[in-house]
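Reviewing the structure listed below.
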Amino acid sequence: MSPSASEPLQQRMKDRMRSEVAETTIGLFLGKGFDETTVDEICDAAGISRRTFFRYFRSKEDVVVSRLSKLAEEGCHCFVACPIDDDRWTALRLSMTPFEEWAHANPARALALYHLVEEAPSLRASYLDRVDRWRASLATVISTKFDLDPRTDLDVAVIAAASVGAYLAATRAWAQSDGTDSLPSLFDRAFNALRPEAPPLWG
């Protein structure tokens, strides 16, 4: 078998191992606490060496927040796939679909991970760094879709930042309701508040 033919299988095996290590690690975090769990404990539980762990993840924080990067990437794809004649806020609202589906698949786990991020300072800092990278990526896809320059167009920067702010506000409200409020409805409300025709909240 040629190297090129074997690459897909190798990648699938790598992805599977990475996923298995992540599941084991997150289970430890949720059971024991993020700060209280060491890399050595993760390696023992997963049956891997420290070298293998750091081959898949740059840090403990990366195990948790790397999922956000994947969801953000999928969300950008959703935005790009929207018809060009859709208004920007409808398209940006649809970019939240991967987050909705992920949270809906296991609400209790999604809530637990959210609270884990909130409670561990280093994890929260890493999470907010990924959110900011997502904002930058979103600005790029917005500018590409509408043929704008993200380096000089202030509107692009503001729209991307507002969209990420809507995500943060909606997910925080969802977590504060302990998942009883509908996340899709909260996303709807958050993005509707950004529309120019939205009624003012004050005089």
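Some observations on this one:
- The sole residue among ASP153, ASP87 that is within 24 Å of ARG189 (Cβ to Cβ), surrounded by fewer than 20 Cβ atoms within 10 Å (Cβ to Cβ), modelled with pLDDT under 95 and more than 14 Å from the chain's Cα centre (by Cα) is ASP87.
- Selection from segment 142-182 of residues that are in a helix (DSSP H, G or I), polar (S, T, N, Q) and farther than 17 Å from LEU128 by Cα: SER143, THR144, GLN176
- Some residue of segment 14-27 being touching a Leu at 6+ places or on another chain (Cβ under 9 Å) and not assigned by TED's automatic domain parsing to the domain that holds ALA162: yes
- Only one of the listed residues (SER185, SER122) is exposed (fewer than 14 other Cβ atoms within 10 Å of the Cβ), in contact with a Lys or Arg (Cβ under 9 Å, 6 or more places away or on another chain) and part of a helix (DSSP H, G or I). That residue is SER122.
- Qualifying positions in segment 165-174 - crowded, with 19+ Cβ neighbours inside 10 Å and aliphatic (A, V, I, L, M): ALA166, ALA170
- Here GLU36 passes the criteria (1) part of a loop (DSSP other than H, G, I, E, B); (2) charged (D, E, K, R); (3) surrounded by 12 or more Cβ atoms within 10 Å (Cβ to Cβ); (4) not assigned by TED's automatic domain parsing to the domain that holds GLU118 except the one numbered (3).
- Of the candidates LEU128, LEU116, the single residue that is without any contact (Cβ under 8 Å) to a residue 60 or more places away in the chain, in a helix (DSSP H, G or I) and within 15 Å of the chain's Cα centre (by Cα) is LEU128.
- Checking ARG135 against (1) in contact with a helix residue (DSSP H, G or I) (Cβ under 7 Å, 6 or more places away or on another chain); (2) of a type in the set (D, E, K, R); (3) not in a helix (DSSP H, G or I), the condition it does not meet: (3)
- Residue check for THR90: among the β-branched types (Val, Ile, Thr) and closer than 20 Å to TYR167 by Cα: yes
The values are calculated or read from the model by the stated rules, or taken from the named source; none is laboratory data. Quick caveat: nothing in here was measured; it's all calculated off a predicted structure. Neighbour counts run over all protein chains shown; Cβ positions are idealised from the backbone, glycine included.
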